[in-house]
Structures are given as structure tokens and as C-alpha cells.
Amino acid sequence: SQKIEQNSEALNIQEGKTATLTCNYTNYSPAYLQWYRQDPGRGPVFLLLIRENEKEKRKERLKVTFDTTLKQSLFHITASQPADSATYLCALGDYGQNFVFGPGTRLSVLP
Amino acid sequence: EPEVTQTPSHQVTQMGQEVILRCVPISNHLYFYWYRQILGQKVEFLVSFYNNEISEKSEIFDDQFSVERPDGSNFTLKIRSTKLEDSAMYFCTHSGRGNEQYFGPGTRLTVT
């Protein structure tokens, strides 16, 4: 069955550093991969989408890579700020099919 | 991107009771979804709804669950006989052009 793992349950990082979160998957060949941010008690908020034929996507301080050979996506937040503290979810999807979400990584950016 | 609205924000019910969760979708969107998230766990797909019909459903979405669009606008998720393990946040979403999901604020369901 499909399995998605995110590198760690929690990640602490110092303000100003680059946070790197990992999403690994097995038994799946997604057409695209998405990253979401979730704050406590709130619904996930869409951040970035990357397709299987794309290697890298950027949006402001965010960068996502997608390696379909390694079955892995990396999510980077550069110049991290305490306001970036949240849980980050990766989600895999295929056209016409539902999404499968990973368990999330709780990021804490320390001032 | 406009957000769907969901009511109620919090529902407390007794085991065995029926609950109806409501979502007001965004106009001009055809695909809608329900997801749930048990406290501390991952977001789980329940059902997708396209053009007023169920498109796909997960194993979680058993006979106790149903979805409807009774008046052509509001979108409901009904749980016929709630169990303790149905306690969770329930999210209604719609999809964007790239299939990204836009989540509503959610309904917290507590079954006692």
C-alpha cells in the first residue's frame, strides 16, 4: 500500500537558518506533490505544487525539489523566522485521484 | 483563493446519534472533498464529489457516511450513528486549477 514518510515528527531550527523538510514515499508514482502548512486548530494551507516532470519550484523563501527516482521531495525555507513555526504536510496526488497526506513535520523556529 | 465556509465550528454529540456537517462551497467549482483529521494524526481523504455525484470514496467512508447537496448549493456530510472514533476535525475542500486543495476552517466533532 502507499506509504508517505516525513523526515521527523519535529524539527527545531535557529532563526535565519534554512529549514529542510523531507517527504519520502513508496508504492506510488504521483503525478504531482504538494506542500501545505498547518497551524494548530486550523485547516492546512496550500503552499506549493510540483509536478513529476519538474525538478524544482520556488516561491519567495520557499523551495521544493522533486526526485521521482529517489521518490523524495525536499522542502526548504530560507532565512527562517519564528512565524514559520507550524506543521508542514506533504501530499501526493494523481490526476483524477484523491490525495494522500503525509503525517507532517512540526517545525519550530527559535529566536 | 476564496475559502469554503463550514458549520458548525464545533459539534458535540452522543455516541449513536446522527450528525450533519455543512459546507458552503465556492461557486464555479465542480470538485469538492471531505477530509478528516483525528487529533494528532494525519489528514485522511473521505470522499470527493463532482458535479453533484460521488466521484471517489475511501475505505473510511462506509455505510455510516453519506454526502449530499440537498439544495444545489450547501454540501453536507452525514454520519448516521456516530462512534467515539469519529471524533475528529472534518474539513471540506475544493480544488484549484492545479488540483491544490483549499481547506475550509473545519468542524470539530466530539463524540461522547
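Read-outs: derived from the displayed coordinates by stated rules, not from any lab. This is a predicted model, so every value here is computed, not measured. Here the Cβ positions follow ideal geometry from the backbone for every residue, glycine too, while neighbour counts run over all protein chains shown.
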What order do you get for A:LYS57, A:LYS3 when you list them from fewest to most C-beta neighbours inside 10 Å? A:LYS3, A:LYS57
Extending each Cα 7 Å along its Cβ direction at B:ILE38 and A:THR68, get the distance between those two points in nm, one decimal. 3.4
Output row, site A:ALA83, 7 Å Cα→C-beta label point, backbone N cut-off 11 Å, window the range B:1-35, residues none
Computed from the beta carbon distance with a Förster radius of 45 Å, FRET efficiency for A:HIS76 and B:LYS83 to the nearest 0.05 stands at 0.65
Taking a spot 7 Å from the Cα of B:TYR50 along the direction of its beta carbon, which residues of the range B:87-110 have an amide N less than 18 Å from it? B:93-102
A:GLU52-B:VAL24 pseudo-label distance in nm [points 7 Å out on the Cα-to-Cβ vector]: 4.0
Please give every one of the lysines within straight-line cross-link reach of A:LYS63, meaning a C-alpha to C-alpha distance under 24 Å, and leave out same-chain neighbours fewer than 8 residues apart. A:LYS3, A:LYS17, A:LYS55, A:LYS71, B:LYS42
Most mobile of A:TYR25, A:TYR36, A:TYR95 in a GNM of chain A (Cα contacts under 10 Å): A:TYR95
In terms of the alpha carbon gyration tensor, root eigenvalues a ≥ b ≥ c, rounded if a/c is under 1.5 and otherwise prolate when a/b exceeds b/c or oblate, the range B:1-61 is prolate
Which value, in Å³ per residue, describes the convex hull spanned by the Cα atoms of the range A:45-111? 102
Would you mind classifying chain B by shape? Square roots of the alpha carbon gyration tensor eigenvalues, ordered a ≥ b ≥ c; an a/c under 1.5 is rounded, otherwise it is prolate if a/b is larger than b/c and oblate if not. prolate
Net +/- balance of residues flanking A:ALA79 in space, Cβ distance below 15 Å, scoring K and R +1, D and E -1: +2
Decide, for the protein assembly as shown, between rounded, prolate and oblate: order the square roots of the alpha carbon gyration tensor eigenvalues as a ≥ b ≥ c, take rounded if a/c falls under 1.5, and otherwise choose prolate if a/b is larger than b/c, else oblate. prolate
